[in-house]
1. With a 1.4 Å probe and every protein chain kept in, tell me what percent of the accessible surface of segment 3-64 is carbon plus sulfur.
2. What is the dipole size for segment 3-64, taken about its Cα centre, with +1 at each Lys and Arg Cβ and -1 at each Asp and Glu Cβ, in debye to the nearest 20?
3. Rounded, prolate or oblate: which fits segment 3-64 when a ≥ b ≥ c are the square roots of the eigenvalues of the alpha-carbon gyration tensor, with rounded for a/c under 1.5 and prolate only if a/b beats b/c?
4. At 1.4 Å probe size, put ARG36, ARG61 in order of accessible surface, largest to smallest.
5. Name the residue from GLY35, VAL62, GLY47 whose Cα lies farthest towards the positive end of the charge dipole of segment 3-64, charges +1 on Cβ of Lys and Arg and -1 on Cβ of Asp and Glu.
6. With θ taken as phi - 60° and the coefficients 6.51, -1.76 and 1.60, list the Karplus ³J(HN,Hα) couplings across segment 49-55 in order, rounded to whole Hz; mark glycine and proline as x.
7. Could you give each residue of segment 17-34 its phi-based ³J(HN,Hα) in whole Hz, using Karplus coefficients 6.51, -1.76, 1.60 with θ = phi - 60°, and x for Gly or Pro?
8. Might you tell me the accessible area per residue for segment 3-64, computed with a 1.4 Å probe and given in Å²?
Amino acid sequence: MEAIELRQTRQLAVGDTLISTSGSTYEVTKLTRIGRGIRVHYLSTDGRAGRFTAAPEAVSRVLGGRLGASAPHVA
């Protein structure tokens, strides 16, 4: 089983897997800068696309293994 990390939105990368508090998982498909925030596009395990916007310092639960990786560029 992979470790669960807490990451700030600015540390997310395409391909990361987000985990909701209920245990559902969502794959990050795109990151876009929106004003001061970051819009995170994702795909659920059943194939539904969605998105949310968060502050760069907001924290998300992510399936881990990339601790220490450099922060991705957000377009």
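The values are calculated or read from the model by the stated rules, or taken from the named source; none is laboratory data. Remember, it's a predicted structure, so these values are computed and weren't measured experimentally. As a convention, Cβ positions derive from the backbone with ideal geometry for all residues, glycine included, and neighbour counts pool all protein chains shown. For the accessible areas, the whole protein counts, side chains as well, though only heavy atoms, and no ligand, DNA or RNA atoms are used. Shrake-Rupley method; radii C 1.70, N 1.55, O 1.52, S 1.80 Å.
1. Carbon and sulfur: 50 percent of the exposed surface of segment 3-64.
2. It works out to roughly 300 debye.
3. oblate
4. Working: ARG36 150, ARG61 90 Å².
Descending accessible area places them as ARG36, ARG61.
5. Looking along the dipole axis, the top candidate is GLY35.
6. Going residue by residue, I get 8, x, 7, 8, 10, 9, 5 Hz, with x marking Gly and Pro.
7. Listing the rounded values in order: 10, 7, 10, 7, 5, 8, x, 5, 10, 9, 8, 6, 10, 7, 10, 9, 6, 10 Hz.
8. On the way: 3520 Å² over 62 residues.
Spelled out: the 1.4 Å probe surface of segment 3-64, per residue, equals 57 Å².
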